[in-house]
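Heads up, the thing below is written out as structure tokens.
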């Protein structure tokens with residue numbers, strides 16, 4: 001076959017693969033939505049002593065956003081990185097994994113944020129500035145950490161200590177964000193009672 005026919009065939013095959021990935025991602029995100037929207041009944045007494053049942057979510061929204069929803073939206077990049085790593089085990093790392101992760105992060109940070117801001121007709125206020133600041137600082141730290149580990153500390157390789165530290169930083173992010181969320185809930189509750 002000529003180059004033109006191969007190019008068209010590859011193009012339609014890529015479209016087919018992208019449709020498959022989008023269908024899988026939609027199913028995955030719907031599953032996560034079902035999990036995170038689960039509620040439980042809690043018996044509560046009002047100030048008059050009357051007892052009533054209230055539904056409360058099982059998942060904390062901050063934890064769900066930083067773990068399940070982030071996993072769902074980044075699942076294709078993560079799977080590509082894992083497949084590439086397993087395929088080239090023992091060989092020098094390829095560029096697909098880091099390029100897809102960094103590219104996805106940059107796209108989410110710049111393009112999606114920009115479009116979201118342009119789409120609304122009035123200014124929006126960030127409700128929980130503590131969680132926002134925590135995730136913003138950790139985002140900048142993640143890029144700095146990746147540069148440090150790949151270019152300065154152990155050039156072009158990741159050792160086991162760097163891998164464990166990277167995993168630890170994720171749990172640190174979730175913990176600090178959860179604490180900031182709980183502090184915001186505490187201050188909101190205190191302001192409401194006053």
Options [x] 1, 7, 16, 20, 21, 17, 11, 5, 2, 0, 0; [y] 1, 6, 8, 13, 16, 15, 13, 9, 7, 5, 3, 2, 1, 1, 0, 0, 0; [z] 1, 7, 14, 16, 13, 10, 9, 9, 9, 7, 4, 1, 0 are given for P(r) over Cα pairs in 5 Å bins from 0, in percent, and the computed one is [y]
On Cα atoms only, tilt of 3-36 relative to the major axis of the chain in degrees: 20
Below 8 Å, C-alpha to C-alpha, sequence gap of six or more: please give me the relative contact order for segment 4-70 in percent. 25
Length released on extending from residue 9 to residue 104, taking residue separation times 0.36 nm less the Cα-Cα span: 31.6 nm
So if each residue of separation counts as 0.36 nm, and I subtract the Cα-Cα distance between residue 129 and residue 178, what length gain in nm does that give? 16.4 nm
Helix 96-106 sits at what angle to the longest principal axis of the chain, using alpha carbons and giving 0 to 90 degrees rounded to 10? 40
Acute angle (nearest 10 degrees) that the helix 129-147 long axis makes with the longest principal axis of the chain, alpha-carbon atoms: 20
Contact order relative to length for the chain, counting C-alpha pairs under 8 Å separated by 6 or more residues, stands in percent at 16
Calculated [θ] (222 nm, deg cm²/dmol) that DSSP helices of n ≥ 4 give over the chain, each run adding -39,500 (n - 2.57): -22000 deg cm²/dmol
Length released on extending from residue 169 to residue 65, taking residue separation times 0.36 nm less the Cα-Cα span: 35.8 nm
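Values quoted throughout were computed directly from the atomic coordinates according to the rules given, and no laboratory measurement underlies them. Treat the numbers as computed from the prediction; the structure is a model and nothing was measured.
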